[in-house]
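Below: one structure, written as structure tokens.
The values are calculated or read from the model by the stated rules, or taken from the named source; none is laboratory data. For clarity, every value in this text was computed on a predicted model and none was experimentally measured. Neighbour counts run over all protein chains shown; Cβ positions are idealised from the backbone, glycine included.
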Amino acid sequence: MATTKEYLNFVLDQLNQLDDITHRSMMGEYIIYYGGKIAAYICDDRLLVKPVQAARTLLPQAPLEPPYKGAKDMLLVEDVDDKELLTKLFKNMYDELPAPKPKKPRRKKEESTSVSSEAGSSIQQRK
């Protein structure tokens, strides 16, 4: 079951007091970024946050659940209606969230074209 746009918009509205909240679609579900760091997932109309110590402290009774099959467990935020709690949660979590992984440099088209044309010429030479 994919997350509805209504639920995504509701959660984003709950986080509107924070600067630099962004999201990215991922196969019908969403990744929530705070300050460029992955902070949460929205999967199956559930908000799941990274289980960093600050989140565990603010949500001591929160169950651990995987956002999707095969994923690491995250903390389920059961009270998404509490805007103040969500704002405090994300602010407190920020320093503990892992920094984004550096992006790999893209290969230039020229390199991939020259490799394939070289391979093609060596095949022709063998004939």
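Some notes on this structure:
- Residue match in the stretch 2-15 (condition: in contact (Cβ under 8 Å) with a residue 60 or more places away in the chain and more than 17 Å from the chain's Cα centre (by Cα)): yes
- Residue list for the stretch 73-97, restricted to those being under 16 Å from Asp44 (Cα atoms) and within 16 Å of the chain's Cα centre (by Cα): Asp73, Met74, Leu75, Leu76, Val77
Let's see how each residue does on (1) in contact with a Phe, Trp or Tyr (Cβ under 6 Å, 6 or more places away or on another chain); (2) assigned to a loop (DSSP other than H, G, I, E, B); (3) on the phi > 0 side of the Ramachandran plot:
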{"position": "Leu48", "(1), (2), (3)": "yes, no, no"}
{"position": "Pro51", "(1), (2), (3)": "no, yes, no"}
{"position": "Lys72", "(1), (2), (3)": "no, yes, no"}
{"position": "Lys88", "(1), (2), (3)": "no, no, no"}
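- Close Cβ contacts (under 9 Å, 6 or more residues apart or on different chains) running from residues in the stretch 28-56 that are touching a residue at least 24 places away in the same chain (Cβ under 8 Å) and among the acidic types (Asp, Glu) to residues that are buried (at least 18 other Cβ atoms within 10 Å of the Cβ) and part of a strand (DSSP E or B) comprise Glu29/Tyr41; Glu29/Ile42; Glu29/Cys43; Asp44/Glu29.
- Qualifying position, being touching a helix residue (DSSP H, G or I) at 6+ places or on another chain (Cβ under 6 Å) and either closer than 15 Å to Leu86 by Cβ or at pLDDT 95 or above (or both), among Val52, Val11: Val52
- From Tyr68, Tyr94, residue being closer than 14 Å to Tyr34 by Cβ, of a type in the set (Phe, Trp, Tyr) and either surrounded by 12 or more Cβ atoms within 10 Å (Cβ to Cβ) or at pLDDT below 95 (or both): Tyr94
- Filter result for Ala2 (assigned to a loop (DSSP other than H, G, I, E, B), small (Gly, Ala, Ser) and surrounded by 11 or more Cβ atoms within 10 Å (Cβ to Cβ)): yes
- Selection from the stretch 53-62 of residues that are in a loop (DSSP other than H, G, I, E, B) and surrounded by 11 or more Cβ atoms within 10 Å (Cβ to Cβ): Leu59, Ala62
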